[in-house]
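Asker: Starting off with a structure, shown below.
The values are calculated or read from the model by the stated rules, or taken from the named source; none is laboratory data. Since we're looking at a predicted model, the values are computed, not measured. Counting neighbours? That spans all protein chains shown, and the Cβs are built from the backbone with ideal geometry, glycine included. Just so you know, the surface numbers come from the protein's heavy atoms only, side chains and all, with ligands and any DNA or RNA stripped out. Shrake-Rupley method; radii C 1.70, N 1.55, O 1.52, S 1.80 Å.
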Amino acid sequence: MKILSIFFLLFISTSIIPALNSDSTITVHAYKLDEPLEIDGYLNEPLYLNEPLRNFTQKDPNEGMGVTEPTEIWVSYDESNIYFSGRFYDSQPDSIDLALMRRDKFSESDWFWIFLDPYNDDRTGYYFAVNPGGSVADGILYNDVWRDKSWDGIWEAESRVDSLGWYTEVRIPFTQLRFNEAEEMTWGINLNRDIKRKHEFAYLVMVPKVESGFVSKFADLKGLKGIKTKQRIELLPYFVQRAQYLRHDADDPFYKSNQYRTSIGGDIKISIGSNLNLDATINPDFGQVEVDPAIVNLSAFENFFSEKRPFFIEGSNIFDFGRGGANRNWGFNFGTPSLFYSRRIGRTPQGDIETDGREDYPEETKIIGAAKLTGKFNDSWSIGALSAFTEQTKAKIFTEDNRIIKAAVEPLTHYAVLRSRKEFNSGNQALGFIFTSVNRKIENDNLKKLLAKNAFTFGLDGWTFLDEDQTYVITGSLIGSYLHGNKSSITKLQEMPYRYMQRPDKTFMPLDSNRTSLAGMYSRLMLNKQKGNFYLNAAIGTATPGFEYNDLGSQWFADRINGHVVTGYRWYEPDNIFRRKNIYAAYNRTSDYEGNVSRSGIYVSGGAEFLNLYGFNTSFSYNSEAVSVTLTRGGPKARVPENYSFGLSAYTDNREKIVFEPFGGYSSNGLGGYNFYYGLEIEWKPMPQLEFEIEPEYEFSNSKYQWVTSYEDDLATATFGDRYVFADIDRETFSAEMRLNWSFSPQLSLQIYLQPFFTTGKYTMFKEFAKPNSMEYNVYGQNGSTIIYDEENFEYIIDADGDGPAVQETFDNPDFNFTSIRGNVVLRWEVLPGSIFYLVWTHDKIDEDHPGNLDLSRDFTNVWKSEANNVFLMKFSYWFDV
């Protein structure tokens, strides 16, 4: 609470700072049209007799100088649309880049960028981009300097090229934009021309690199009069046909019934005035057309993958919490909690099946329906709300007496998120809140033992700038969490890997198996220097042991007190060798509520770009000996050795047909463990419409304390009646991600993704943890202990005292060799604006022979011969503008 009190005192004291009018003095006039503009790339209408915008300033390569090729841009509008037209002269028209790219796939080209701030709030807006080949990109601007490409508007652009240069016309319907309707409006605007061969970026309003801000510096767009927004109602029905041919047993009674699936549903989008959008969906198609990468997780912590489902992606930035105000955030073993991790909705069911038999376990939880409201009440007050229901999900079991029964593995659940933020004093201060809830109707005793009945979080966040020119900003956040359920479900939460309240030596908030609720708190305060050559960032934060938000968030820490200080220097002006360079140095420290220091170290990073646009980045870190309360996975705390790491990456000029990005690193610790990795990303653009990427990577690691298992033994008094078994592990991983993007036109593209993945782990030197709060281990097979390998059953038999009274334990050989090939092919055709047809093929194979031994040739042959999963999907969605 002290952190929050400090923040509110600063908020109140700095709110008296007068609002700094940071807008550009440039004014852009929009011409009123009597009839709609024909979008064909030919600038032959009477509009083009008017005076265009010509004054553009370079940000790169020669900051402050004018654009090197004549540029003319017109802004116009009618009752329904706003138009942007550009004439881009070029002294070398044969060098104009005609690259075709799938939507929002940005790489350097001859782009024309449009940036709009319809609310004129100096912090949010939209961007649109088009290149000479007709490729387009769009997205959202937020927090003044950040971009989110997830938003896809319905708009139109046409480009053409001739001997003088290239031309474009863009039409954006007012219905696609949110703004405060008035008889005469002033919007924020910026425009940008990129010239690829010169690596030139010229802006209408150029913000120097040493400065901060982007939207807040926009010019004023005036002349928008008499615009009356119409009621926006958009319908997007969809049809999906799915056929899957999977690995299965010939006598699987469920296989054929799941082989072919047809889905029909739809989305509706309704505008509420000109400010708000209401999105609703019935029987939504939340299937993703991209595959998640293969991974083998040897830790106790969950892996989190990025969201790929359109309903959740679009407008997701409005739910962003705790990071606004500052243009850069550092974590160092801490961070702002992700209270809303949308992949929780429709997740894989969590329940166990207690009946013996052949199972048909669902891969996902069906979403009955979902709705969200996003937008602004006015130019300084945003709102986002989401509500979703998932059905009670049941698995089928074919029992040993030939009956088919069902068992609930996920209850009927309601998910809700409410987010709002109000800015004050032209964005110099802001206060916001977020509320999340998960409410389950649990009727199954098994699920009652696993899941909390209700889970809530409530958070406050905000920022305040400390000076008139917005150089320094303080951001703060405070979150409370509360869950309740039966004793078993709350005990399970207390035993989560980021908490481990069951530790036998835990003194602060140890496990209480009689609890029926769990509550906790998080807070953080951060100072950031927004601009200038010299850089400074500092933060302090805490999360109590009971802080829990994993039901709807993505949680990886609790019971933590953390702080860091970062300083650095950035050189933005070119010299005789470098175009730019930077260096940063930091100190960070993490402990828990018992005073156990789990991390204390330094971090140094730097980078530079040469005049030829080649560059490199490097980093070094050192952490002193520390205490781990997670190593024994619920057992007593242990010490971990000092360690250091080094990383280096480089890149070549991304304008070239072939671009190389090599990378590598090395780390080591005081016990002799080490890790190294290296790889190379190659991007090849043999022709304007074709792009190929490949990223092979190899990694080897040797760890001296890889977790194996634990077991009870009353004679293990030094470790509280349990023995914790570890081993050395040599792990090798080779993978390669390959992507091919072939754009036949701006509307038709083919994407191919392939990932071969090989990883092995060889366990040796089995040992047990000997003494709490130490790095001491007793190796099996030494000092009277024994270890025997049963080759017939692939098991190890260990005994801490040989023929003595200690408990003997048996465990499976943990060696592994996992090989997979995963990939998909996606044909995307935008038949009409907003109406899209997909053909998708997803393919994967796995092989796990020869554990502990990596042989790429043998393993690839084996996985290639293995049985595959093949899924074919056809989807068509049609956009109606009612």
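Asker: For the range 104-182, with equal point scatterers placed on the C-alpha atoms only and solvent neglected, what are the log10 I(q)/I(0) values from the Debye formula at q = 0.14, 0.18, 0.22 1/Å, to two decimals?
Answerer: Log-scaled intensity ratios, in q order: -0.50, -0.77, -1.05.
Asker: Further, regarding this structure: Over what distance in Å are the Cα centres of the range 732-755 and the range 430-498 separated?
Answerer: Cα centroid to Cα centroid, the span is 38 Å.
Asker: Under the rule of -39500 (n - 2.57) per DSSP H run of 4 or more residues, summed and divided by the residues of the chain, what mean residue ellipticity at 222 nm is obtained, to the nearest 500 deg cm²/dmol?
Answerer: Helix-only estimate at 222 nm: -1500 deg cm²/dmol.
Asker: What percentages make up the Cα-Cα pair-distance distribution of the range 732-773 when the bins are 10 Å wide from 0?
Answerer: With 10 Å bins starting at 0, P(r) equals 19, 23, 18, 16, 12, 9, 4.
Asker: Oh, and also: Residues of the range 360-415: accessible area per residue at 1.4 Å, in Å²?
Answerer: In whole numbers, the range 360-415 has 47 Å² accessible per residue.
Asker: Let me ask you something else. Quick one: with all protein chains in place, what share of the accessible area of the range 437-511 is carbon or sulfur, to the nearest percent (1.4 Å probe)?
Answerer: So the carbon and sulfur contribution to the accessible surface is 55 percent.
Asker: Just one of [x] -0.51, -0.69, -0.85; [y] -0.28, -0.40, -0.55; [z] -0.32, -0.47, -0.65 is log10 I(q)/I(0) by the Debye sum over Cα atoms at q = 0.05, 0.06, 0.07 Å⁻¹ calculated from these coordinates, so which is it?
Answerer: Answer by label: [z].
Asker: Would you tell me the accessible area of S387, worked out with a 1.4 angstrom probe on the heavy atoms of the protein chains, in Å² to the nearest 10?
Answerer: Surface open to solvent at S387 totals about 40 Å².
Asker: Counting other Cβ atoms within 10 Å, keep those with at most 16, restrict to DSSP loop, and tell me which trypsin sites (Lys or Arg not before Pro) in the range 152-231 are left.
Answerer: K209, K228, K230
Asker: Here's something else I'd like to know. What share of all Cα pairs of the range 611-748, in percent, falls into each consecutive 10 Å distance bin?
Answerer: 10, 25, 24, 18, 13, 8, 2, 0
Asker: How about the range 395-474: which GluC sites (Glu not before Pro) there are in a DSSP loop, with at most 13 other Cβ atoms within 10 Å of their Cβ?
Answerer: Listed in order of number, the matching sites are E400, E443, E468.
Asker: Put T491, T819 in order of accessible area, largest first, 1.4 Å probe: what do you get?
Answerer: These residues rank, largest area first, as T491, T819.
Asker: Ranked by accessible surface with a 1.4 Å probe, highest first, in what order do M206, M775 come?
Answerer: From most exposed to least exposed: M775, M206.
Asker: If you roll a 1.4 Å probe over the heavy atoms of the protein chains, what accessible area per residue do you get for the range 82-186, in Å²?
Answerer: 30 Å²
Asker: Would you check the accessible area of W684, probe 1.4 Å, heavy atoms only, in square angstrom rounded to 10?
Answerer: Only protein atoms counted, so the area is about 120 Å².
Asker: By accessible area of protein heavy atoms, probe 1.4 Å, what ranking do Y603, Y167 get, highest first?
Answerer: Ranked from most to least accessible, the order is Y603, Y167.
Asker: Now for a separate question. For the range 839-882, with all protein chains present and a 1.4 Å probe, just round the carbon and sulfur fraction of the accessible area to a whole percent.
Answerer: 60 percent
Asker: For the range 29-171, just run the numbers: alpha carbon Rg, then divide by 2.2 N^0.38 Å, N being how many residues it has.
Answerer: 1.05
Asker: Under a Cβ-only charge scheme (Lys and Arg +1, Asp and Glu -1), can you give me the dipole magnitude of the chain about the Cα centre, in debye to the nearest 20?
Answerer: 2180 debye
Asker: Let me ask another. Apply the a/c threshold of 1.5 to the C-alpha gyration tensor of the range 335-387 and tell me whether it is rounded, prolate or oblate.
Answerer: prolate
Asker: Projected onto the charge dipole of the chain (+1 at Lys/Arg Cβ, -1 at Asp/Glu Cβ, origin at the Cα centre), which of A770, Y83, L740 gives the Cα projection farthest towards the positive end?
Answerer: Y83
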